[in-house]
Every structure is written in C-alpha cells, then in structure tokens.
Amino acid sequence: MRVLVTGGLGFIGSHTVCDLLESGYDVTIIDNLYNSKEVVLERIKEITGRAPNFYKFDVQNKEKLEEVFKKEKIDAIIHFAGYKAVGESVEKPLEYYENNLDTTFALLWMMKKYGTKNFVFSSSATIYGVPDKVPLKETDPRKEATSPYGESKVMIERILEDVSHVNKDYNIAILRYFNPIGAHKSGLLGEDPNGIPNNLLPYINKVAVGELKYLNVFGNDYPTKDGTGVRDYIHVLDLARGHVLALKKLETNPGLVIYNLGTGKGTSVLEMIKAYEEATNIKIPYEIKPRRSGDVAINYADCSKANIELGFKAKYTIKDACLDGYNYQLAEEKRKNS
Ligand code: UFG
C-alpha cells in the first residue's frame, strides 16, 4: 500500500513517515521545504533503512501533483503540508487561507480523478476555540477560531465532511492534534524552528543549550492549578503512531471519522519546566510575563474514542519528550558547528 505524505519532511510528517516505513507501507513524500530541510530525507533512510520517493514542489501546483498521481498508484494520502504559525496567520491571512485550502483542494481533485479513497487530515485542537469545559471530546462543537490558521482548519474539516457526504466510498480521518513535543530517539529528527520559537518546548530547548537566556512564562493568573496555561503535550512518536493506526482504521471502510490525539493529561507551564529540569538536569531560568493574546487557560483531550476505536494510547511521558527534545537540540547544535 502506497501512502502519499504531503509535508513529509516536517516535524510530525518525518516521524510519521518513519513509522509508516517501519510498518511496511511504501511512502511518497511531497514537500516544498518551506519549513523543512532536505537532509531529513537522508535521516529517514538512516533510521528506517528504506527510501521513500521524494518530490520537491508545492502541493498547490496541480500540474506537478498530477504527474505524481499519473506515475504512482496512491492508495492513501496523509496531508500535513500547510502553514501553522498562529501569530503569523493573523498578519498573513490571505497566505494562510490560500495555502491551507488550495493544497487540500488540489489533493481532493486528484483523489476524484485517480480513484484514491483514503485521506488523513492534520487538524488541531484549535478548532475547539475557547473550551466551555475540559477534557475536550470529538462531539464538542467546533467554534469560530481565534486565528486564520485555526479558521483554515475549521473550514477544511467542514469541506471534508461535505465531500464525504457525496462520496460514500471515501474514508477520511480527521485527526485533531493537541500539543506535539519531543523528538526521535535517534536525535536525527525533531523540531528546530528558525528564529525565536513561538512554542513552549522549542523555546525551552534553546534556553537549555544556552541559545536563549530565559523562558518567558506568559501569564500566571489563569484559573488553573498554578496560574499558568495548561495543555495536553503529546510525544511526536505517539502522534506518529496515531496516524498509522488511523490508516489501519480507514482500511475497514469507516467513512469519515474524527479523533483527538493527545494524552488526556493537562500539564501547566511551571510543571513542564520542572519536568524538563528533572529529565535533563539543566536549570531553566524563567520570568513571568503578561498573558499572550489569544491563549486559552486550559485545554486537554478526552482520548477515549481513539483508544477504543484505534487502540491508541500515548506511551511516552512528558519527561521522555523533554529528554528526547533536548538530545535532538544538542545533536543539532553539534551538527551545525561541525
Ligand atoms: N508559553 C509560554 N512561553 C513561551 C511559549 C508558550 O509560557 O515562550 C505557554 C503558552 O502561554 C501556553 C503554553 O505555553 O500556555 C503552550 O504554548 P504553545 O505556544 O507551545 O502552544 P499553544 O497551545 O499555544 O498552540 C498549540 C499549537 C497550535 C495549535 C494549538 C491547539 O502551536 O498550532 O496548540 O490547541 F493550534
């Protein structure tokens, strides 16, 4: 079975590609390297001993996309490619809507033309907006998102539902990720954003290796256990497994299915700092700063549906993820300096 993975050299994509290859799937990657590096392809080969087919172009390019579908028999698509920075999306709404929607449209048209029936979509907990209650269940309402990034995910979920209504033979899995963190155990794959990271763990990693002086903790007056924001952090290796399990589910012809992928546990920013310090033995200095606009106080998943229907259960702890993330950052610094 051949799986087309768009954005397959990115953070979640590359870990998923490894799991797919190790699980016996054939993989074709399309990635325009907007937020990833070609060296990741070599690292995937090093980890798995297998070589995915790789095409470098933007999934919005319909002509090039069609060439791939003509050449290869694609049985399933996992669609990761997309812009994902919440703050940036507010500044660049057109770019975000255009890129995230057009890549999805291009793939859906190819599915129609070339008879591909299986589609897995990278959605996000952001579609729940400001939650009325936690833990969040798949049946909780999608809300108006607080950013164009989030709204693009809301729109695509809706589009997939409409497409599924008229294509009863399609199998579509919408996966709503909570907060992916960590890195591959080999130290070869991970998350290394350019510039100052927006997300908590990449920022802490840079403090740990001495690239940034201290962490800014955005707000300590939220109605949470210690006043800092609470999130459901999931190891990227667990998240990757969730995709393989979702693909297996699609092989049973379920139609459209939606799953939260998280751990079911909420961790505050201060708890995360402590876990990181314990896992790595490195002190993470921090300063309390005002709340970051657009942040919700608390957000974590009810993952019982994925557990019951997919057999999905996160097996790594927050500390595992902290240590793996740190080891990757350290290895990456060494590679850059050598
Ligand atoms: N935080 C800090 N300091 C930082 C960065 C983050 O204190 O330097 C705090 C935030 O205020 C928040 C928590 O750490 O309480 C997590 O923040 P992240 O930026 O790591 O993650 P978010 O929960 O804001 O966003 C993530 C993804 C989005 C996705 C969203 C869905 O980045 O793509 O989860 O819930 F939409």
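Key figures for this structure:
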item	result
Highest-first arrangement of 116-123, 59-66, where packing means the average Cβ count within 10 Å	116-123, 59-66
Listed residues VAL236, LEU160, LEU212: farthest to the positive end of the dipole of the chain (Cβ charges)	VAL236
Neighbourhood net charge (14 Å Cβ-Cβ; Lys/Arg +1, Asp/Glu -1) for ALA301	+2
Lys, Arg +1 and Asp, Glu -1 on Cβ, resulting dipole of the range 1-112 about Cα centre, debye, nearest 20	260
Most to least packed among 8-19, 156-167, 226-237, 307-318 [average Cβ atoms within 10 Å]	8-19, 226-237, 307-318, 156-167
Relative packing of peptides 250-257, 144-151 - highest average C-beta neighbours within 10 Å first	144-151, 250-257
Per residue, in Å², the accessible surface of the chain once ligands and nucleic acids are set aside, probe 1.4 Å	44
Given charges at beta-carbon only (K, R positive; D, E negative), |dipole| of the chain in Debye	420
Expected 222 nm ellipticity per residue - DSSP helices of 4 or more, -39500 (n - 2.57), all of the chain, to 500	-13500 deg cm²/dmol
Under-5 Å amide H pairs with ASN118, H placed in peptide plane, nonlocal only	ILE77, ASN171
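The values are calculated or read from the model by the stated rules, or taken from the named source; none is laboratory data. Here the structure is a predicted model, which means the values were calculated and not measured. Glycine also receives a Cβ, built like all others from the backbone with ideal geometry; neighbour counts cover every protein chain displayed. Side chains are part of the model used for accessible areas, which takes the heavy atoms of the whole protein and leaves out ligands, DNA and RNA. Shrake-Rupley method; radii C 1.70, N 1.55, O 1.52, S 1.80 Å.
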